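A quick write-up on the structure given underneath.
The values are calculated or read from the model by the stated rules, or taken from the named source; none is laboratory data. This one's a predicted model, so the numbers in the text were calculated from it and none came from an experiment. Backbone-built Cβ (ideal geometry, glycine too); neighbour counts: all protein chains shown.
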Amino acid sequence: QVQLVESGGGLVQAGGSLRLSCAASGSIFSINYMGWYRQAPGKQRELVAGITNGGSTNYAGSVKGRFTISRDNAKNTLYLQMYSLKPEDTAVYYCNADLLVAGDIRYIEVWGQGTLVTVSS
């Protein structure tokens, strides 16, 4: 069984910073694409940023220049460094990964349980 566990969420004032982490555990053979998504109250879940196992990144326009996604492949860990946070960044942030479980032949999509980020004005 594999799981993703996020951490690092919390309450921060506008203009502040937070760093989210997502640790993948279990019998993982490899991880392909990883991403951070968020869902604000009453809104659909949206992609915040993604990164391939080769390090190529993509960002939502609303966070470009303020957020940085990175990963440590040796630790199967994903990060999201968030700067200049705004109240509209308030949401539950979810980690997502396409990974191959040891012994399987197909990649599966796994989601974390989410971590709440609240930005006060």
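Structure summary
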| item | result |
| --- | --- |
| Test set (1) more than 20 Å from S120 (Cβ to Cβ); (2) modelled with pLDDT of 95 or more - S30 fails condition number | (2) |
| Restricting the range 61-107 to residues that are among the β-branched types (V, I, T) and modelled with pLDDT of 95 or more, the residue that is nearest to L47 (Cα to Cα) | V63 |
| Residue that is nearest to Q13 (Cα to Cα), among those in the range 47-76 that are β-branched (V, I, T) and more than 10 Å from the chain's Cα centre (by Cα) | V63 |
